[in-house]
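The values are calculated or read from the model by the stated rules, or taken from the named source; none is laboratory data. Predicted, not measured: the structure shown is a model, and the values here were computed from it. Cβ atoms come from the backbone with ideal geometry, glycine included; neighbour counts cover every protein chain shown.
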Amino acid sequence: MSGKKTPQRSYHHGDLANALVKAATELARQGGPEAIVLREAARQIGVSATSSYRYFPSRADLIHAVSEVALAELAASMLQELSVDAPEAVAGVPQEGPEPVAAVLRESAEPVADAYRSLRALGAGYLRFAVAEPGLFRTAFRAAPTGGEPLDRPLDLSSSRAFQMLGEALDVLVSCGQVPVARRPMLELAVWSAVHGMAELLLNGPLSRMPPQLRQPAIDQLFDLLQFGLQPTATA
């Protein structure tokens, strides 16, 4: 005998799209972007694949939606790490908008030291998310799906809260005189690339086999190097 059919559920307008993204997010959590399949997401919530195509005409559209969810969870991890040192300041920060670093530093007695500490906290939250949620991390920065299916809508990192928080931390360092104004353009990309490279080493490179007690010194060295590179150089 064949198995029972999945019962069809009734969704209000808009609810189906959200349910599909939620189901697809869980698929990505377990298996990365390769695991996102529209038919499987539809099956898990008990609707037909045909009805799902009204909201996501292609698999690439669904992957794009899940990548935005993954980026939001990444930003939440970064914000959580930032709040460790300043829980009261971050507690009142709105869920949307690049304001956490400013909140931490608003009444700081040592703005330069706290700005660097905030930058390190953001990086630590980034790496923590990568290790804890490798499937979603890969989905957040997904390449074209296996098989060459094109991504119709490129991901705009500049609009993500994670990217905005990094930019805010660098802006604070500029305002404190730690980073020359002339060096500010595109600096997010340099810092982001360094931390993202460490994340890849932790997930897929030699650091994935390194004992946890040895990983942290390597991470600390990365943050020390970034801070040294951002600090103003002495002039004769």
Turns out the helices (runs of 4 or more DSSP H) fully within segment 1-116 with at least 3 residues that are out of contact with any helix residue (DSSP H, G or I) (no Cβ under 6 Å at 6 or more places or on another chain) and either at pLDDT 90 or above or within 24 Å of SER160 (Cβ to Cβ) (or both) are 15-31, 59-85
What do you reckon, is PHE163 surrounded by 15 or more Cβ atoms within 10 Å (Cβ to Cβ), touching a residue at least 60 places away in the same chain (Cβ under 8 Å), part of a helix (DSSP H, G or I) and among the aromatic types (Phe, Trp, Tyr)?
no
Looking at (1) part of a loop (DSSP other than H, G, I, E, B); (2) modelled with pLDDT of 85 or more, which one does PHE137 not meet, given that it meets all the others?
(1)
Cβ contacts < 6 Å: first residue surrounded by fewer than 23 Cβ atoms within 10 Å (Cβ to Cβ), restricted to segment 17-40; second residue of a type outside the set (A, V, I, L, M, F, W, C) and outside any helix (DSSP H, G or I), any location; separation 6+ or different chain. Result?
ALA17/TYR55; GLU34/THR146
Just to be sure I understand, how many residues within segment 55-86 are more than 14 Å from VAL21 (Cβ to Cβ) and without any contact (Cβ under 8 Å) to a residue 40 or more places away in the chain?
6
Can you tell me which residue among PRO217, PRO232 is surrounded by fewer than 13 Cβ atoms within 10 Å (Cβ to Cβ), part of a helix (DSSP H, G or I) and not small (Gly, Ala, Ser)?
PRO217
In segment 179-209, anything outside any helix (DSSP H, G or I), hydrophobic (A, V, I, L, M, F, W, C) and either surrounded by 14 or more Cβ atoms within 10 Å (Cβ to Cβ) or in contact with an Asp or Glu (Cβ under 7 Å, 6 or more places away or on another chain) (or both) is listed as VAL179
